[in-house]
Every structure is written in C-alpha cells, then in structure tokens.
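Student: Submitted below is the structure of interest, expressed as structure tokens.
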Amino acid sequence: MSTSAHIVVAAVIFLTVLFIFRLVRQRVLKSKYALLWSFVGLALLPLAAVPDILVPISDFIGIEYEPATVLFAATAFLFATTVHLSYEMSRVEARTQDLAEELALLRVEVEDITLRATP
C-alpha cells in the first residue's frame, strides 16, 4: 500500500472515532457501544500504519491471502455484533411486553376505581 493510502486509511479511522465520540456527546449512542466501536477503530490504526502486520497473523491462522484475514475478522466481528444486538432486542421486547401488560392492568384498575367512585 502506498503512503497516501496509509494516510487516507488513518484519516478515515480517526474521523470515524471522532464521529463516535460526537454521537456519545449528543447522547445518540450509548457509551458501551461507543467503547466497542472506538476500540475497533483504534485497533485498525496499526493496520494503516504497518500493513505488514497481517502477514504473521495470516500465517498463524493459515490464510494465504492477507487481506482475506481482515475480511474474515470483519465477518466474525459483525456476526458477534449481530448476535449481541439480537439478544439486546429480545430483552427490550420482553420488557416492553411486560410493561404493556402492566399498563393494561393499571388501566383496568383505574377504570374500576373510577366506576365505583361515580354515583
């Protein structure tokens, strides 16, 4: 990779991390997710600075084409992220169902009290 490509990759990673911090500051992104994405962005910086670092990693894993290592890692990370977000969504869905049931019971109770109170 050329020097200008290294600079572009580093700039994109840096801007992405800044964007993440901006989302946290605006309270759009929770801090636990911001930490995750910031870590990913910062972990990619060595790849921009020293792309030859992929060679020993790829050799260790047994992948002959080094850029495929990045694709493999990205796919594994996105799979794990998807599973985690599905878990979070299931929890929120269950909590929403519980709250909807509780609200329905409270409405019935309020209507019952209102009917008993009116002469």
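The values are calculated or read from the model by the stated rules, or taken from the named source; none is laboratory data. As the structure is a computational prediction, the values presented were derived from the model and not from experiment. Don't worry about glycine lacking a Cβ; one is built from the backbone with ideal geometry, like all the others, and counts go over all protein chains shown. All accessible areas refer to the heavy atoms of the entire protein, side chains included, with ligands and DNA or RNA removed. Shrake-Rupley method; radii C 1.70, N 1.55, O 1.52, S 1.80 Å.
Student: Residue by residue through the stretch 33-63, note down the ones that are of a type in the set (Gly, Ala, Ser), within 20 Å of Ile7 (Cα to Cα) and out of contact with any Ser or Thr (no Cβ under 6 Å at 6 or more places or on another chain). Show your work before the answer.
Tutor: Restricting attention to the stretch 33-63, the residues satisfying the condition of being of a type in the set (Gly, Ala, Ser) are 34, 38, 41, 43, 48-49, 58, 62.
Now drop any that are not within 20 Å of Ile7 (Cα to Cα), which leaves 38, 41, 43, 48-49.
Result: Ser38, Ala43, Ala48, Ala49.
Student: Mind checking whether some residue in the stretch 17-39 is in contact with a Phe, Trp or Tyr (Cβ under 6 Å, 6 or more places away or on another chain), surrounded by 16 or more Cβ atoms within 10 Å (Cβ to Cβ) and of a type outside the set (D, E, K, R)?
Tutor: yes
Student: Can you pull out the helices (runs of 4 or more DSSP H) entirely within the stretch 1-64 that have at least 2 residues that are of a type in the set (S, T, N, Q) and over 20 Å from Phe77 (Cβ atoms)?
Tutor: By residue number, 3-25.
Student: While we're looking at this one, here's another question. Can you name every residue in the stretch 65-77 that is open to solvent by 60 Å² or more (accessible area, probe 1.4 Å), over 17 Å from Ala5 (Cα atoms) and assigned to a helix (DSSP H, G or I)?
Tutor: Leu71, Phe72, Thr75
Student: While we're on this one: Find the residue count for the stretch 45-60, including only residues that are within 16 Å of Val8 (Cβ to Cβ), within 25 Å of the chain's Cα centre (by Cα) and open to solvent by 70 Å² or more (accessible area, probe 1.4 Å).
Tutor: 1
Student: A further question on this structure: Would you confirm whether any residue within the stretch 95-107 is modelled with pLDDT of 85 or more, open to solvent by less than 60 Å² (accessible area, probe 1.4 Å), over 15 Å from the mean Cα position of the chain (by Cα) and over 23 Å from Ser2 (Cα atoms)? Spell out the reasoning first.
Tutor: Taking the stretch 95-107 and keeping what is modelled with pLDDT of 85 or more, we get 95-107.
Filter once more, keeping what is open to solvent by less than 60 Å² (accessible area, probe 1.4 Å): 100, 104.
Filter once more, keeping what is over 15 Å from the mean Cα position of the chain (by Cα): 100, 104.
Then drop every residue that is not over 23 Å from Ser2 (Cα atoms), which leaves 100, 104.
Yes: one or more hits.
Student: Report whether or not Val110 is farther than 24 Å from Ala34 by Cα, assigned to a helix (DSSP H, G or I) and open to solvent by 60 Å² or more (accessible area, probe 1.4 Å).
Tutor: For Val110, the condition - farther than 24 Å from Ala34 by Cα, assigned to a helix (DSSP H, G or I) and open to solvent by 60 Å² or more (accessible area, probe 1.4 Å) - is met.
Student: Further question on the same structure: Working only within the stretch 1-16, note down all residues that are open to solvent by 50 Å² or more (accessible area, probe 1.4 Å) and touching a helix residue (DSSP H, G or I) at 6+ places or on another chain (Cβ under 6 Å).
Tutor: Of everything in the stretch 1-16, those that are open to solvent by 50 Å² or more (accessible area, probe 1.4 Å) and touching a helix residue (DSSP H, G or I) at 6+ places or on another chain (Cβ under 6 Å) turn out to be Met1, Val9, Thr16.
Student: Counting only residues that are under 30 Å from Leu54 (Cβ atoms) and open to solvent by 90 Å² or more (accessible area, probe 1.4 Å), which one in the stretch 78-94 is modelled with the highest pLDDT?
Tutor: Phe79
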